[in-house]
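Scroll down for the structure; my scribbles are underneath it.
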Amino acid sequence: MTYVITQACCNDASCVSVCPVDCIHPTPDEAPFMRTEMLYIDPDTCIDCSQCVYACPVDAIRPDDDLDDAMMPFLEINAAYYEKYPIEPGTAVPRRSAKRDFDYSSLRVAVVGSGPAASYAALELLARPGVQVDMFERLLTPYGLIRFGVAPDHPGTKAVTDVFQSLGSEPGFRLHLGVEVGKHLSHEELLAHNHAVIYAVGAPGDRRLGVPGEDLPGSHAATEFVAWYNGHPDFVDRRFDLSCERAVIVGNGNVALDVARILVTDPDELEKTDMADHAIAALRKSNIREVVVLGRRGPAQAAYTNPEFLALTNLADVDVVIDPAEAELDEHSIRLIESGAVEPSVRIKAELAERVAGTQATGAAKRIVFRYLESPVEVVGDEQQVTGLTIVRNVLNEGPDGSLLATPGDQTELIEAGLVLRSIGYRGSSTVDVPFDEVRGVIPNDEGRVLEPSTGAPVPGVYTAGWIKRGPSGVIGTNKKCAADTVERLIDDFENGKLTAPKSGAHELERLVAERNPDVVDFAGWTRIDQAEIASGDSRGRTRVKLVDVESMLAVVRS
Ligand SMILES: Cc1cc2nc3c(=O)[nH]c(=O)nc-3n(C[C@H](O)[C@H](O)[C@H](O)COP(=O)(O)OP(=O)(O)OC[C@H]3O[C@@H](n4cnc5c(N)ncnc54)[C@H](O)[C@@H]3O)c2cc1C
Ligand code: SF4
Ligand code: SF4
């Protein structure tokens, strides 16, 4: 028997350190870790001890004799990784934590943001006795995209917040919800009250297509649609016209797949999740029957991960459709796969597309149609509504660095559609008075130390983690290593006397916060919101019913 990692894996690597035979890879210190779709268990080395199961925060690990049909492909997905990266017998490296004997009791750090990167950074800091951490979040609820990005029908993934909830019982931790740095507090004020500030503010903006018609009514960023259905207070009032029969999503990453799935899922199923009530009501009235997902390159280069693609093929009363001609691989992709130059997940991706293309549609009520090697040319419509998307067929050419680039050909086509969602990536923005790289949309840094662009020297006391540090890619657990790397640099600087002691104490900072925003909510206040939402969900057979406006949240906090 072997254990198998399945769809919910969020790459946080908690399982790696508990495995007695070192058979879960890539580990955070191995090169493929930062780009891997998930972690994998080597079936030939696993000794079935089940230790990893207890370490996993999202219940992603199963014994192979407990896999249902939907999970069976993960047997091959796990094993395939070891075709390229076999474990040599006797090479298991025992990991030791490099604990340093140092007095950290005076160290005070402000963490800006409360998403995975901020939360992992806080946990990492608080593992050192005596450290004080103040976390500032502009919204009245913590955890960033875990609440406002991760799809509502992925409750297992959201369970990772249980790990972050433990922050509430750390004596050195204070949470300040409803405090926006750059609005309620300045960067200088934060730095004056702390040895260091870590910016983990995420990348909330979207990338634009740059084609005519992009701003017509009915053409939106997927980021907005996601925030709307997840009940983000800034997006509650958005309106999406779902009266058409076909929607097109430009881009085929996991966010595009989330949106496609939400658009075709039976609203009775969505009703069981924590999706915002206003979105469930709108989706109940939706006429959308077909969602076209457009990728500019071929199936082997699709941006989605295999687990998320597989999940679509298991949706009730939904056909996943691929034209067999589009699933055919080009000569460059075939050569790369056959030479073993690419990850095994690329081969599996191509095989899955081919398998779906060869499957007869069942005549289900709804369809998701994957189209490859196509790019948008123009969003078509009038001042009232989008009516379609003109696309061009691409060819793949090998670039100078060996990567495959999509080049537009001369064959165009109009896809009729009443809703166009662009899902070609998130983007960081400059919100506070710290250096910002406008081209890459990140805070310039060297392994987490923020750099002054004109000199390339570290800005004393200023650090960054998560999507705003490295760009908007990677799953929840990727931010764990990212945050740990940043904290390691910060601790190093503290130990070497490079951080300036705060000018005034924690009480002074707390007084300033209360003065700037009397409605600030602390961890106890968040706990009341959390419990009220869960209780409201319990009474309706749902995981939770989200409060989506500031006034209702404050009413619960004050009650
Ligand atoms: C639609 C979507 C679905 C996803 N689904 C999954 C999934 O199923 N599984 C998975 O593992 N990963 C998923 N991810 C990826 C995962 O969400 C990210 O890796 C992770 O959230 C990035 O963490 P972060 O802390 O850098 O940013 P965020 O999670 O964006 O957190 C940033 C926080 O900073 C706050 N903030 C911003 N500016 C300020 C300011 N000036 N002052 C105070 N606070 C501020 C924001 O309000 C936010 O709470 C998904 C991502 C998206 C977009
Ligand atoms: S079951 Fe035990 S041996 Fe197998 S992967 Fe998990 S921890 Fe490692
Ligand atoms: S979620 Fe974390 S602990 Fe669970 S399988 Fe993935 S990497 Fe391992």
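The values are calculated or read from the model by the stated rules, or taken from the named source; none is laboratory data. Owing to the predicted nature of the structure, the values given are computational and were not obtained by experimental measurement. Note: ideal-geometry Cβ built from the backbone for every residue, glycine included; neighbour counts use all protein chains shown. These area figures cover heavy atoms from the full protein model, side chains too; ligands, DNA and RNA do not enter into them. Shrake-Rupley method; radii C 1.70, N 1.55, O 1.52, S 1.80 Å.
Summary of computed values
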| quantity | calculated |
| --- | --- |
| Residues of segment 259-316 classified as farther than 22 Å from R239 by Cβ and free of Cβ contacts under 8 Å to residues at least 60 places away in the same chain, total | 10 |
| Near pairs, Cβ below 7 angstrom, 6+ apart or cross-chain, from segment 1-16 (charged (D, E, K, R)) to any residue that is open to solvent by 20 Å² or more (accessible area, probe 1.4 Å) and more than 8 Å from ligand 1 (Cβ to nearest atom) | D12/P57; D12/K480 |
| Boolean, T313 is touching an Asp or Glu at 6+ places or on another chain (Cβ under 7 Å) and open to solvent by 10 Å² or more (accessible area, probe 1.4 Å) | no |
| Any hit, segment 31-38, residues being of a type in the set (K, R), modelled with pLDDT under 95 and either within 16 Å of ligand 2 (Cβ to nearest atom) or surrounded by fewer than 22 Cβ atoms within 10 Å (Cβ to Cβ) (or both) | yes |
| Lone qualifier among I61, I47 - being in contact with a Phe, Trp or Tyr (Cβ under 6 Å, 6 or more places away or on another chain), under 18 Å from C19 (Cβ atoms), outside the structural domain of S473 (by TED's automatic domain parsing) and touching a residue at least 12 places away in the same chain (Cβ under 8 Å) | I61 |
| All positions within segment 44-65 that are away from ligand 3 (no atom under 13 Å from the Cβ), assigned to a loop (DSSP other than H, G, I, E, B) and open to solvent by 40 Å² or more (accessible area, probe 1.4 Å) | D44, I47, D48, C49 |
| First in segment 332-349 and farther than 11 Å from A302 by Cα, second anywhere and among the β-branched types (V, I, T), Cβ under 7 Å, 6 or more apart | L336/V342; I337/V346; R347/I337; I348/I77 |
| Residue, farthest from ligand 3 (Cβ to nearest atom), within segment 11-23, restricted to residues that are open to solvent by less than 30 Å² (accessible area, probe 1.4 Å) and either more than 22 Å from N254 (Cβ to Cβ) or at pLDDT below 95 (or both) | D22 |
| Verdict on D68 being away from ligand 1 (no atom under 16 Å from the Cβ), more than 20 Å from P344 (Cα to Cα) and open to solvent by 40 Å² or more (accessible area, probe 1.4 Å) | yes |
| Of the criteria (1) away from ligand 3 (no atom under 16 Å from the Cβ); (2) closer than 27 Å to F370 by Cβ; (3) part of a loop (DSSP other than H, G, I, E, B), which one I249 fails | (3) |
| Qualifying residue in segment 375-395 (condition: modelled with pLDDT of 95 or more, under 19 Å from A302 (Cβ atoms) and of a type in the set (D, E, K, R)) | yes |
| Number of the condition not met by K469 [criteria: (1) surrounded by fewer than 18 Cβ atoms within 10 Å (Cβ to Cβ); (2) touching a Cys at 6+ places or on another chain (Cβ under 7 Å)] | (1) |
| Top-ranked residue in segment 177-188 [being within 23 Å of the chain's Cα centre (by Cα) and not aliphatic (A, V, I, L, M); ranked as nearest to V432 (Cα to Cα)] | E180 |
| Segment 149-176 - residue that is open to solvent by less than 10 Å² (accessible area, probe 1.4 Å) and under 19 Å from the mean Cα position of the chain (by Cα) and, of those, modelled with the lowest pLDDT | V160 |
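Let's see how each residue does on (1) charged (D, E, K, R); (2) away from ligand 1 (no atom under 16 Å from the Cβ):
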residue	(1), (2)
R449	yes, yes
E452	yes, yes
S473	no, no
N496	no, yes
G505	no, yes
